[in-house]
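Working notes for the structure below.
None of the figures in this text is laboratory data; all of them are computed from the coordinates on show. Nothing here was measured: the structure is a model prediction, and the numbers come from that model. Here the Cβ is made from the backbone with ideal geometry for all residues, glycine too, and neighbour counts use every protein chain on show.
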């Protein structure tokens, strides 16, 4: 067990967030693929291989990104049968998705309407767009299911049919804060 809090091992989530938030972005994405995307997919694949009837997830507090009014986001995490947590992604509300799309388009990368609701692996987030303005529990759960279903050529989409149980909002926010804080502290030491 790594960094444990209240019976949950947050180590893997901390490692992923540390890399995503504090490691310089390389143009070829190969480092992110090796250090983040592949291990995250392996985590989900092992979870899918266990054929769980229910999943335990938690999410943090809403935050603004980009820094514009009504642009709301929430980080979502998933745990496996050993209570190890992994960063699943960040749910963007409708306004945050539009603002992000506009920002990317302004940088010269056009996004078609077909790609508007597509899940994107950004250097800092796995962006999971929501169709709603409010990030209610239902909206976060729907986005989580859509994210799990987005995997191809794996059994990960089968996880979307499992019952999703959420830890309390207070516990989820506490875990998200700890993950962010420890990732920052470790990055500062390096």
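When every residue of region 66-81 is checked against the conditions, at least one turns out to be within 27 Å of residue 12 (Cβ to Cβ) and exposed (fewer than 13 other Cβ atoms within 10 Å of the Cβ). From the list 35, 44, the one residue that fits, being part of a helix (DSSP H, G or I), without any contact (Cβ under 8 Å) to a residue 24 or more places away in the chain, surrounded by 13 or more Cβ atoms within 10 Å (Cβ to Cβ) and in contact with a helix residue (DSSP H, G or I) (Cβ under 6 Å, 6 or more places away or on another chain), is 35.
Note on region 87-190: enclosed helices (runs of 4 or more DSSP H) holding 3 or more residues that are surrounded by 17 or more Cβ atoms within 10 Å (Cβ to Cβ) and in contact (Cβ under 8 Å) with a residue 60 or more places away in the chain are 137-149, 169-189.
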